[in-house]
Amino acid sequence: MSSSLPITFYDIAQAPPVEKTCCSPNPWKTRLALNFKNLPYTTTWVPLPDIPKVRTSLQIPACRKFQDGADFFTLPIIQDPTTDALVGDSFDIAIYLQKTYPASGGGDLFPPQTLDFALTPNLAILVPLSERRGGPEFAEYANFNANVDAAFSVHVQLTVQEFPLDPATAEATKAEFVRRAGVSSWDDFALVGEAREKTKDSFRDTLGGLAKLFLRDASGPFLLGARASYADLIVGAWLRMMCVTLPNSEWEELRGWHEGVFGQLHDALGVYAQVK
Ligand SMILES: N[C@@H](CCC(=O)N[C@@H](CS)C(=O)NCC(=O)O)C(=O)O
């Protein structure tokens with residue numbers, strides 16, 4: 001199928017200008033995939049407190065739950081007028097794009113490959129950001145997605161200090177995160193001094209396991225050498241978040257860890273990182 005009508009892509013609005021500050025990893029996976037597939041789309045920017053309203057009005061059930069069992073409404077969502085599809089999970093969106101537009105743009109998002117990155121202990125189970133989906137055909141990628149999500153999200157406190165909250169909704173957003181974490185104030189998320197260094201060391205060591213996969217094909221910069229796949233986009237989406245939210249000197253450190261594989265991946269994915 002070829003798509004001529006633009007897809008609507010819903011992403012979270014951070015501080016203006018949103019095109020420079022967007023940094024939510026799951027929406028970034030979708031943006032990278034839409035650009036990889038070279039499909040026409042427009043972005044609808046949603047303030048974080050409005051996500052439940054937007055998702056409910058589109059009648060898309062929540063794909064995450066809070067610890068207390070309540071629905072956790074998230075983005076990305078895509079709405080494709082060519083097929084009338086509405087899809088509300090980044091991994092489902094990637095599968096949808098592949099199945100609906102198999103030959104578009106860069107071609108196959110899911111070429112067969114071994115993606116044996118697993119955290120010990122298995123944090124992917126403790127941090128269930130994405131359910132495993134897509135059946136056996138995509139199991140290798142789904143498992144990789146869960147493990148990469150866990151590897152980054154357990155270190156996400158490093159991103160709080162410079163997180164580009166939209167001033168228009170910052171107070172409501174901070175209050176919501178304080179509520180979710182059960183802490184007493186936003187300042188409790190601050191990570192400084194020795195504790196910060198320790199978290200950074202853990203982050204670097206965790207990413208070492210992931211870097212090994214990138215070092216298998218020395219021609220790089222992608223897991224399969226010159227050819228990007230959705231697995232590269234998953235990691236690349238988290239790197240986009242880090243690039244925006246880490247203090248500059250720490251982003252530079254990350255770029256250089258493990259023979260510079262993450263800096264090279266980030267730069268190489270720049271061709272798919274246009275914000276439209
Ligand atoms: N499994 C979902 C997870 C989506 C998700 O967690 N989205 C986050 C942004 S990365 C979100 O919308 N958070 C809204 C909030 O924290 O209120 C997916 O892959 O799309």
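Within region 43-82, the set of residues being more than 24 Å from Gly182 (Cα to Cα), loosely packed, with under 14 Cβ neighbours inside 10 Å and more than 14 Å from the ligand (Cβ to nearest atom) comprises Ser57, Gln59, Pro81.
Residues to consider are Ser229, Ser219; find the one that is touching a residue at least 60 places away in the same chain (Cβ under 8 Å) and in contact with a strand residue (DSSP E or B) (Cβ under 8 Å, 6 or more places away or on another chain).
Ser229
Applying a threshold of 7 Å to beta carbon distances and a minimum spacing of six or more residues, or different chains, the list of pairs starting in region 40-68 at a residue that is without any contact (Cβ under 8 Å) to a residue 60 or more places away in the chain and ending at one that is surrounded by fewer than 17 Cβ atoms within 10 Å (Cβ to Cβ) and among the charged types (D, E, K, R) reads Ala62/Asp71; Lys65/Asp71.
In the set (1) modelled with pLDDT of 95 or more; (2) more than 12 Å from the ligand (Cβ to nearest atom); (3) under 14 Å from the mean Cα position of the chain (by Cα), Ser90 fails one condition alone, (2). Only residues that are surrounded by fewer than 20 Cβ atoms within 10 Å (Cβ to Cβ) and among the aliphatic types (A, V, I, L, M) were counted across region 14-40, and they come to 2. Every residue in region 232-276 that is closer than 22 Å to Pro164 by Cα and without any contact (Cβ under 8 Å) to a residue 12 or more places away in the chain, please. Asn248, Ser249, Trp251, Glu252, Arg255, Gly263, Gly270, listed by residue number. Tell me which residues, restricted to region 238-249, are farther than 14 Å from Thr21 by Cβ and open to solvent by less than 20 Å² (accessible area, probe 1.4 Å). Hits for region 238-249 are Trp238, Leu239, Pro247.
Ala226 meets each of the listed conditions (1) closer than 20 Å to Thr30 by Cα; (2) out of contact with any Phe, Trp or Tyr (no Cβ under 7 Å at 6 or more places or on another chain); (3) exposed (fewer than 14 other Cβ atoms within 10 Å of the Cβ) apart from (1). Candidates in region 231-276 are the residues that are assigned to a helix (DSSP H, G or I) and charged (D, E, K, R); of these, the one that is nearest to Ser153 (Cα to Cα) is Arg240.
Of Gly106, Gly88, all but one fail to be surrounded by fewer than 20 Cβ atoms within 10 Å (Cβ to Cβ) and of a type outside the set (Ser, Thr, Tyr); the exception is Gly106.
When residues in region 57-100 are screened for being farther than 24 Å from Glu137 by Cβ and out of contact with any strand residue (DSSP E or B) (no Cβ under 9 Å at 6 or more places or on another chain), 5 of them pass. Considering only residues of region 257-276 that are open to solvent by less than 50 Å² (accessible area, probe 1.4 Å) and more than 16 Å from the chain's Cα centre (by Cα), which is farthest from Gly106 (Cα to Cα)? The qualifying residue farthest from Gly106 (Cα to Cα) is Trp257.
The values are calculated or read from the model by the stated rules, or taken from the named source; none is laboratory data. If you're wondering where the values come from, they're calculated on a predicted model, not measured in any experiment. Virtual Cβ from ideal backbone geometry, glycine too; neighbours counted across all protein chains shown. For the accessible areas, the whole protein counts, side chains as well, though only heavy atoms, and no ligand, DNA or RNA atoms are used. Shrake-Rupley method; radii C 1.70, N 1.55, O 1.52, S 1.80 Å.
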